[in-house]
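In what follows, a single structure is set out as structure tokens and then discussed.
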Amino acid sequence: MTFPSVYEITNSLKNDSKQRMVEWFSGDTLNSRWTISNSNSGYTIAIDDAVDGGLKMINNASHTHAAILDFDNKHQFSATSSVFIYTGKTATSSGGTMVGLAKDYRQDNAYDSAMTQWDAGLSGGTVYTLSSDGTTQSAVSNGFARDANYHTHKLELTSTALLPSQDDVLGSSKTTNRPVDPLMPVVKSYSYSGNTTQLNINYYEAYNT
């Protein structure tokens, strides 16, 4: 038996009325529900012509520049009772990726967010959970080592903590600077120091719990 989404593996849809979206990043073009107009110069966003390539997001511009997907400020997901899941890989020598839920395509102190972050400049060689409460942004290691392989990341947003996992293994939770306002899907590949960052993402799902 096959399932159209990760959610449906463990949840019945018989009485489901909560907000949910699923994106497989397949076909020849990107689904029009995504907005790319907030991306900076020097980016490529296209379906990758490779086995399981999914969507390829490349940015090779200077610091603070990024290839960005968002939902055009349609904030459909709860900051305290939702989940996002994505499958992807990151290749970079300088820069990184952020995938998750946010109030705005910009991730900084002023915008609520809950993201899985892969950044070559962060210490410890691990993946991080990045979040902001609209006043202060902070990041903590979730305990999973960074590499260039495909992984499935999940982050559950609850009223008390952000609960990350990678490939069904639970990581270290984050309780500080958690979002409050409703959020939208955001996917970002960014670079700095003139290097190139590439994110391949072939699955993204978000739902309210």
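The values are calculated or read from the model by the stated rules, or taken from the named source; none is laboratory data. The shown structure was predicted, so the numbers you read here are calculated from the model rather than taken from an experiment. Every residue, glycine as well, gets a Cβ built from its backbone with ideal geometry; the counts of neighbours run over all protein chains shown. Ligands, DNA and RNA are stripped out before the accessible areas are found, and what is left, the full protein with its side chains, is counted by its heavy atoms. Shrake-Rupley method; radii C 1.70, N 1.55, O 1.52, S 1.80 Å.
Here are some notes:
- For the residues Leu162, Leu183, the requirement of being out of contact with any His (no Cβ under 8 Å at 6 or more places or on another chain), buried (at least 22 other Cβ atoms within 10 Å of the Cβ) and under 12 Å from Ala79 (Cβ atoms) singles out Leu162.
- Taking the stretch 102-179 as the region of interest, the strands (runs of 3 or more DSSP E) fully inside it that hold 3 or more residues being more than 23 Å from His65 (Cα to Cα) are 137-145, 151-157, 162-166.
- In the stretch 19-30, residue surrounded by the most Cβ atoms within 10 Å (Cβ to Cβ) [restricted to those that are hydrophobic (A, V, I, L, M, F, W, C) and part of a loop (DSSP other than H, G, I, E, B)]: Phe25
- Any hit, the stretch 70-82, residues being surrounded by fewer than 14 Cβ atoms within 10 Å (Cβ to Cβ) and within 24 Å of Tyr150 (Cβ to Cβ): no
- Condition check for Ala66: surrounded by fewer than 20 Cβ atoms within 10 Å (Cβ to Cβ) and touching a residue at least 12 places away in the same chain (Cβ under 8 Å): no
- Qualifying residue in the stretch 93-106 (condition: farther than 24 Å from Gly54 by Cβ, small (Gly, Ala, Ser), open to solvent by 60 Å² or more (accessible area, probe 1.4 Å) and touching a residue at least 24 places away in the same chain (Cβ under 8 Å)): no
- Of residues in the stretch 124-136 being buried (at least 16 other Cβ atoms within 10 Å of the Cβ) and in contact with a strand residue (DSSP E or B) (Cβ under 7 Å, 6 or more places away or on another chain), the one farthest from Thr176 (Cα to Cα): Thr126
- Apart from one condition, Ala66 fits all of (1) in contact with an Asp or Glu (Cβ under 6 Å, 6 or more places away or on another chain); (2) modelled with pLDDT under 95; (3) not acidic (Asp, Glu); the exception is (1).
- Residue check, Asn109 open to solvent by 60 Å² or more (accessible area, probe 1.4 Å), within 11 Å of Val186 (Cβ to Cβ) and not charged (D, E, K, R): no
- Restricting the stretch 139-154 to residues that are open to solvent by 30 Å² or more (accessible area, probe 1.4 Å) and closer than 25 Å to Gln76 by Cβ leaves a set whose member that is farthest from the chain's Cα centre (by Cα) is Ala139.
- Considering the conditions (1) more than 27 Å from Val51 (Cβ to Cβ); (2) aliphatic (A, V, I, L, M); (3) free of Cβ contacts under 8 Å to residues at least 24 places away in the same chain, Ala145 is excluded by exactly one of them, (1).
- Scanning the stretch 184-209 for residues being closer than 14 Å to Leu130 by Cα and not basic (Lys, Arg) gives a total of 2.
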